[in-house]
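*Asks:* One structure coming up, written as structure tokens, with questions to follow.
The values are calculated or read from the model by the stated rules, or taken from the named source; none is laboratory data. Only a predicted model underlies this, so the values are computations on that prediction, with no experimental measurement involved. Please note: Cβ atoms are built from the backbone with ideal geometry, for glycine as well, and neighbour counts cover all protein chains shown. Keep in mind that these areas ignore ligands, DNA and RNA; they rest on the heavy atoms of the full protein, side chains included. Shrake-Rupley method; radii C 1.70, N 1.55, O 1.52, S 1.80 Å.
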Amino acid sequence: MTSPLEGIRVLDISTLFAGPLAATFLGDFGADVLKVEHPAKPDAARGHGPAKGGINLWWKTLGRNKRTVTLDLGSAEGAELLLKLVADADVLIENFRPGTLERWGLGPDALHRANPRLVIARVTAFGQFGPYSARPGFGSLAEAMSGFAALTGQPDGPPTLPPFGLADGIAALATSYAILVALRAADRDGAGQVIDLAIIEPILMLLGGQITAYDQLGVVQPRTGNRSVNNSPRNVYRTADGDWLAVSTSSQSIAERVLTLVGRPDYLDEPWFASGHTRAQHADELDEAVSAWIGARSTGEVIAEFERVQAAVAPVYDVRGVLSDPQYRAIGTVLTVEDEELGPMRLQNVLFRLSETPGEVRWTGRRHGQDTEAVLAEIGVTPEQLQALRDRGVV
């Protein structure tokens, strides 16, 4: 079968997470992704997280399905070589501070002269203009500025940042979506365009209707720990075995089943029980009932009883639980791939399943500059020229 993005070439000249992960998502469905890195300064993502024998493990996922090329884009020769690659590309993803590509002679005008159909995705913390656009920034700042951190944590504790790149991951999903939209427009109109994606924005979109609630009602959503302002019971509860289980009652029927199960059907007759928002105002009472019932039973019994009445429950896992869970195994969420350096390794599979043109992990993250010779040969660089470029530090 032909992969859905086969024939699409993506130049990933971005670093760290949001831009590179967007390119990974495209590569998973067949795009030819060229990961371009500085010859002396590899992508800093290669140094994040654990390593085995000096080989970074996160890179094996982040760099999968990408061919790796080295180019000093800040040099005139490196910029010229990139423009030659651009001529046969469909997408370029970058995340330098605004003005950097322009300073190198690689701004959108130059890129579109080389290829009018090119989709240029510019992924930065704050966007291409505005008072903060020149500031350095990472996903953690987006998690802070969006309101996410203010909502996260216990009511009497500090705002809490996630211990992983949440805003970057959300921005990566938004970027890949934006790229596909722009590619569709390029097919229709015959012209590329520039995508300006600020990492501070996509995470804000996922935080619900807070802006409208404040605008219309003056309401500021408080920090509520594991509780929700939209429904209750919604929390994590400890079983007699010491395990934690998550319970959610986002629909009215599920809330009714849970309270009936835990022996408090009388709550169903209360006027405030009729909606999630008003139930949330009585979270203390509802949590007490659910917590007492779950706390008196084993994990297996609780899950079995919730399943029997068709109520929503799930265990709180760390990575060990994910790897052993039968549902994850059934749908193939974790994939075993042969890595050329480390042998068989498990990593996350592609994001979703397509019935006719599924995605695929063809290879894991490759070594720095591993494909430079092959890729530059495609634009006419001979072995002798390549060696001269290496001697000058261009590649």
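*Asks:* Roughly what angle does helix 76-86 make with the longest principal axis of the chain, taking Cα atoms, 0 to 90 degrees, to the nearest 10?
*Replies:* Approximately 70 degrees, to the nearest ten.
*Asks:* On a straight-distance basis, which lysines could pair with residue 60 in a cross-link, Cα separation under 21 angstrom, same-chain partners fewer than 8 positions away excluded?
*Replies:* Once the sequence-local lysines are set aside, what remains near residue 60 is 35, 41, 52.
*Asks:* Right, something else. Limiting things to C-alpha atoms, what are the Rg and the maximum Cα-Cα separation (Dmax) for the range 1-43, in angstroms?
*Replies:* Expressed in Å, the Cα Rg and Dmax of the range 1-43 come to 11.3, 39.
*Asks:* As a check on your grasp of the helix formula, calculate [θ] at 222 nm for the chain: sum -39500 (n - 2.57) over DSSP H runs of n ≥ 4, divide by the residue count, round to the nearest 500.
*Replies:* Details: 18 runs with 149 residues, N = 395.
That comes out to -10500 deg cm²/dmol.
*Asks:* If you don't mind, another one. Could you tell me the distance between the Cα centroids of the range 115-156 and the range 291-317, to the nearest Å?
*Replies:* Cα centroid to Cα centroid, the span is 39 Å.
*Asks:* Can you give the accessible area per residue of the chain, in Å², using a 1.4 Å probe? Write down the numbers at each step before the final one.
*Replies:* Values: 19930 Å² over 395 residues.
Per-residue value: 50 Å².
*Asks:* Still on this structure, please answer the following. For the Cα atoms of the chain, what angle does the longest principal axis make with the long axis of helix 166-189, in degrees from 0 to 90, nearest 10?
*Replies:* 60 degrees
*Asks:* How far, in nm, would the chain grow between residue 40 and residue 246 when pulled straight, counting 0.36 nm per residue and subtracting the alpha carbon separation? Numbers along the way, then the final one.
*Replies:* Numbers: separation 206, 0.36 × 206 = 74.16 nm, distance 4.70 nm.
Result: 69.5 nm gained on full extension.
*Asks:* Another one. Just tell me the longest site-free run in the chain, where the sites are chymotrypsin sites (Phe, Trp or Tyr not before Pro) in a DSSP loop having at most 12 other beta-carbon atoms within 10 Å.
*Replies:* Details: sites that count: 129, 164, 352.
With a cap of 12 other Cβ atoms within 10 Å, the longest stretch comes to 165-351.
*Asks:* Would you mind telling me the share, in percent, of accessible area of the range 269-385 contributed by carbon and sulfur at probe 1.4 angstrom? Working shown, then result.
*Replies:* On the way: 3600 of 7040 Å².
Its accessible area is 51 percent carbon and sulfur atoms.
*Asks:* Follow-up question, since we're still on this one. Quick one: pull the percentage of alpha-carbon pairs in the range 1-129 with a separation above 22 Å.
*Replies:* On the way: 2834 of 8256 pairs.
Taking all Cα-Cα pairs of the range 1-129, the fraction more than 22 Å apart is 34 percent.
*Asks:* At 37 °C and 0.692 mPa s, grab the translational diffusion coefficient of the chain from Stokes-Einstein with a Kirkwood Rh over Cα pairs, rounded to a whole number in µm² per second.
*Replies:* On the way: Rh = 23.9 Å.
It comes out at roughly 137 µm²/s.
*Asks:* Give the angle, between 0 and 90 degrees and rounded to the nearest 10, that separates the Cα long axis of helix 252-261 from the longest principal axis of the Cα atoms of the chain.
*Replies:* Computed tilt is about 50 degrees.
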